[in-house]
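Peer 1: Dumping the structure here so I can ask a few things about it.
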Amino acid sequence: MLLSTVRHALFVAASVAASCAVAGYAQEKRSSAVHPEIWPKAQWPYPHDDALEARVTGLVARMTLEEKVGQVVQADIESVTPEDLRRYHLGSVLNGGNSAPDDDEFAPAAKWLALADRYYDASVDTTGGRIGIPVMWGTDAVHGHSNIVGATLFPHNVGLGAARDPALIARIAEATAVELRTTGMEWTFAPTVTVPQDLRWGRAYEGYSEDPALVSSYVGRFVTGLQGAPGKSPILAGPHVLASTKHFLADGGTFEGRDQGDARISEEELRDIHGAPYIPAINAGVQTIMASFSSWNGEKLTGHKGLLTDVLRKRMGFGGFIISDWNAHGQVAGCTNASCPQAINAGLDMYMAPDSWKPLWHSLLAQAKDGTIPMSRLDNAVSNILRVKIRAGLFEAGRPSTRALSGRFELLGSARHRALAREAVRKSLVLLKNEGQLLPMKPGTRILVAGAAADDIGQQSGGWTLTWQGTGIDNSRFPGATSIWKGIKDAVTASGGSARLSVDGSYVDKPDAAVVVFGETPYAEFQGDIKSLHLRGDNDRSLTIMRRLKAAGIPVVAVFLSGRPLWVNREINAANAFVAAWLPGSEGAGVADMLFRKPDGSVAYEFQGRLAYRWPLTADAQGKDLFALGYGLKSGDAGALASLAEDPGIASDADLAGTYFDQGLPTSGWSLQVNDGTANTTRITTTPVEAAGGRLRVSAVDHLTQEGARRFVWRGDGPATVELATHTPIDVTRETNGDVMLLMTMRVDALPTAGATLTARCGDTCQGAAPLRLKGHIEPGQWRTLGIPLKCFAQAGADMSRLVAPFQLTTAGRMDLSLSRVALGTVADDVLPCS
């Protein structure tokens, strides 16, 4: 299994006869045309129900056009009030990764339930002849009810795939459904059934495996765990919620692993790799399927009639409704976030229009009136949504707070659910190296625990944890959870040993062994896209610690936290034992369970995790494998490895992705320029320097490192501009749609005496500007990271698909400002307003 592997065979979903049928067009590798007859058929488990159909038909017949349009629109709670929902008859709301009641990402569970009641009450208001169709609330409970403080956080799917335990998956889904129901929600955008084929993708950790057969073995069990077995009883009558498999189709097959990118693959690959998990999902009666942001051979899935209607709906027999991803309709050819009849005409049933819902509602209404959207298609979409609401029992369920399990907040993070999550952690860990059978370690030992990730529950939980990116969250936000350090300390002391935490690995008394916990910092979606398989953000700190400890004769156990296999040959060499722990979630004690023996010296738990993804030999994503799919040691195996080559095989630029200015210098491909608004432009390559006709002086100052920032002093005798520019335009439409910000790490020693403006430039006559209002956001002499949403520039007219200068700062007054870093991101000390 080591150092060479044969890529696993593709899972073939169609029959031999169907395979033969594709022979005549096998060369159409870049066509986005589909041939539904070669796709497999599923068995939708809900038979035709005359009573249900009569109810749907009756409701549709009574609905006004405005009510019909409202049903196909979903808005984000950050952008819609209960009164908006009532007025526009909206069919659904969601909470995006950073949305919460009262804009409090850490709002207590009771506030979520109370808000659910308010939306529900608005939706069922029948005054003025309204029908009053109950609203659905969708949420991204992708590794537990992960938006709620105190909820159980299970390992992310990348770890669960390594566990290879479908029964465990079903139990996790059941527990997740129970915790959702406590806060009044009835719908989760899970499970993710992607089959990632490139580890550079920032959502790879949301996939169970690169092997479609392994993914397929999980899907039906997870859907049934959430929804219960298909039958005549309403889904919400039991401890269940609605499921949504995503993202249809080939979100994990895009070129170079680019999120929201293009899957440049044949129809056979599309079917056999990426389509395979949808068969067990439909067989299990999944009620909703989310269309992907991504494209297949250049055509966006959200507007692909061949795949949404001809394949998914007609060939596969899916009987629920299809929803888009976050403003994904705006990426369909000819569409904007505010207008996209193409999507519903292609087969989409519900638009996820978080902040664009109102203009979209108006455009859909107009398009239904003028025939752009046929009334038959609108009625069909509404009927699909109503069937799901009826199967759920939503019309009879009553207010969220009156339903079974609602308000039982003791079930959030209950002992039973935490025990299940701890079991999942144990089963997910993969032992990659174990010299001298170091693991599990004997009782009564003195253990040094090192690494910045050792006592960081946020880092061990990864993205989609309380916030979208999962960043900037300290342990106080995780009541009842256990960090890896705490788990180790409890395990060691219980067996008569001692444990000490030292982030930098220093010690006074030499320990018997050291555990170094390190890895990726949290990310979600495109923020996690990388160009090579280098570890980002660690800056070799953990490697230095491990090498120093090993040189001192201390056995080193490396616990690696990551959302994907990465090139860590040097760290593997520096460790005596190496454990891939993935993103284990809230129960760090599950990691400790696998590192130590029982007090009597016997093995407490055997390693059973096996790789669900191949592990790379180099940092080249297209390079050879170090460990094959399915590799994983037992504690009794001969676990020594020959020394690994420490050449990554490819240069690293991962740490600078989305970074334009770092440590006082422009990054590769970018220039720091100063101009006076005319042709007088100076590229700043040395300091100190006078520029813009003497209106501005640039010098180097210290921040974190020597000369780690640049100081700009405007003299106030005319306009002067500082900008970061490139010759190759960049496309940040994904980031703009995702509420990413332009982050500026700065110190202001003198506030501007005249108006200052931030501009994103997309050409000589193309730009979007926002006022830079520093007062009240930064104190003189203080270093802070300020953010301004990219959408501010888009709203002001910038074409975010072709920026040549994402940062341009102008003032005609006096100002003294130092700048260390300019980058894209989601975490700031303070957020500046658009206007």
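The values are calculated or read from the model by the stated rules, or taken from the named source; none is laboratory data. Just so it is clear, the structure is predicted and the values come from calculations on it, not from any experiment. Neighbour counts run over all protein chains shown; Cβ positions are idealised from the backbone, glycine included. These accessible areas exclude ligands, DNA and RNA; they are computed on the full protein's heavy atoms, side chains included. Shrake-Rupley method; radii C 1.70, N 1.55, O 1.52, S 1.80 Å.
Peer 1: Taking R0 as 25 Å, what FRET efficiency do you get between GLN782 and VAL508 from their Cβ-Cβ distance, rounded to the nearest 0.05?
Peer 2: 0.10
Peer 1: For VAL701, VAL559, what's the largest-to-smallest order of accessible area, 1.4 Å probe?
Peer 2: VAL701, VAL559
Peer 1: If you place +1 on the Cβ of every Lys and Arg, -1 on the Cβ of every Asp and Glu, and leave all else neutral, what size is the dipole of the chain about its Cα centre, to the nearest 20 Debye? Please report the intermediate quantities before stating the final value.
Peer 2: On the way: 80 positive and 87 negative charges, 198 e Å.
Using only the charged Cβ atoms, the result is roughly 960 debye.
Peer 1: Which of rounded, prolate or oblate describes the stretch 409-549 when judged by the alpha-carbon gyration tensor and an a/c cut-off of 1.5?
Peer 2: Because a/c hits 1.5 or more and a/b fails to exceed b/c, the stretch 409-549 counts as oblate.
Peer 1: Above 36 angstrom, tally the Cα pairs of the chain and express them as a % of all pairs, no decimals.
Peer 2: Values: 169313 of 348195 pairs.
Tail of the P(r) past 36 Å holds 49 percent of the pairs.
Peer 1: Sort LYS791, LYS433 by accessible area with a 1.4 Å probe, largest first. Don't jump to the answer; show the numbers that get you there.
Peer 2: Details: LYS791 50, LYS433 5 Å².
Largest accessible area first, the residues go LYS791, LYS433.
Peer 1: Taking all protein chains together and a probe of 1.4 Å, list CYS766, CYS834 from the most accessible to the least accessible.
Peer 2: In descending accessible area the options line up as CYS834, CYS766.
Peer 1: Just list whichever of LYS489/LYS598; LYS442/LYS489; LYS111/LYS246; LYS486/LYS598; LYS486/LYS634 have alpha carbons separated by over 20 Å in the model shown.
Peer 2: Pairs exceeding the cut-off: LYS111/LYS246; LYS486/LYS634.
Peer 1: In terms of Cα to Cα distance under 15 Å, which aspartates and glutamates are near enough to LYS433, apart from those fewer than 8 places away along the same chain?
Peer 2: GLU571, GLU606, ASP637
Peer 1: Which of rounded, prolate, oblate describes the stretch 484-594, given a ≥ b ≥ c as roots of the alpha-carbon gyration tensor eigenvalues and a/c under 1.5 marking rounded, otherwise prolate only if a/b is larger than b/c?
Peer 2: Judged from the Cα gyration tensor, the stretch 484-594 comes out oblate (a/c at least 1.5, b/c at or above a/b).
Peer 1: Where the Cα atoms of the stretch 230-289 are projected onto their three principal axes, how long is each span, largest first, in whole Å?
Peer 2: 44, 22, 11
Peer 1: Follow-up question, since we're still on this one. Under a cut-off of 16 Å between alpha-carbon atoms, report the lysines in cross-link reach of LYS305, not counting same-chain residues fewer than 8 places apart.
Peer 2: LYS314
Peer 1: Can you report the principal axis dimensions of the stretch 238-378 using only the alpha carbons, biggest first, rounded to whole angstrom?
Peer 2: Principal-axis extents of the stretch 238-378 (Cα, largest first): 42, 40, 26 Å.
Peer 1: Quick one, can you get me the convex hull of the C-alpha atoms of the stretch 629-740 expressed as volume per residue in Å³?
Peer 2: So the per-residue hull volume is 240 Å³.
Peer 1: Looking at the chain only, what percent of DSSP beta bridges run antiparallel? Nearest 5 please.
Peer 2: Around 60 percent antiparallel, to the nearest 5.
Peer 1: Sticking with this one: What are the ³J(HN,Hα) couplings of the stretch 570-586, residue after residue, when phi is run through the Karplus curve with 6.51, -1.76, 1.60 and θ = phi - 60°? Round to Hz, x for glycine and proline.
Peer 2: So the J values, rounded to whole Hz, are 5, 5, 5, 4, 7, 10, 7, 9, 9, 10, 7, 9, 6, 10, x, x, 7.
Peer 1: Note down the relative contact order for the stretch 532-595 as a percent, whole number, built from C-alpha pairs under 8 angstrom at least six residues apart.
Peer 2: 33 percent
Peer 1: Could you estimate the translational diffusion coefficient of the stretch 368-442 from the Stokes-Einstein equation, with Rh from the Kirkwood formula over C-alpha pairs, at 10 °C and 1.306 mPa s, in whole µm²/s? Mind showing how you got there, number by number?
Peer 2: Working: Rh = 18.4 Å.
Rounded to a whole number, D works out at 86 µm²/s.
Peer 1: Given the C-alpha centroids of the stretch 141-219 and the stretch 591-667, what is the distance between them in whole angstrom?
Peer 2: Measuring centre to centre over Cα atoms gives 21 Å.
Peer 1: Let me ask another. Output the direction-averaged projected area (hull surface divided by four) of the convex hull of the alpha-carbon atoms of the stretch 54-138, in nm².
Peer 2: 5.7 nm²
Peer 1: With a/c under 1.5 counting as rounded, go ahead and sort the stretch 288-444 into rounded, prolate or oblate using the C-alpha gyration tensor (a ≥ b ≥ c being the square roots of the eigenvalues; past the cut-off, prolate if a/b is larger than b/c, else oblate).
Peer 2: Prolate, because a/c is 1.5 or more and a/b exceeds b/c.
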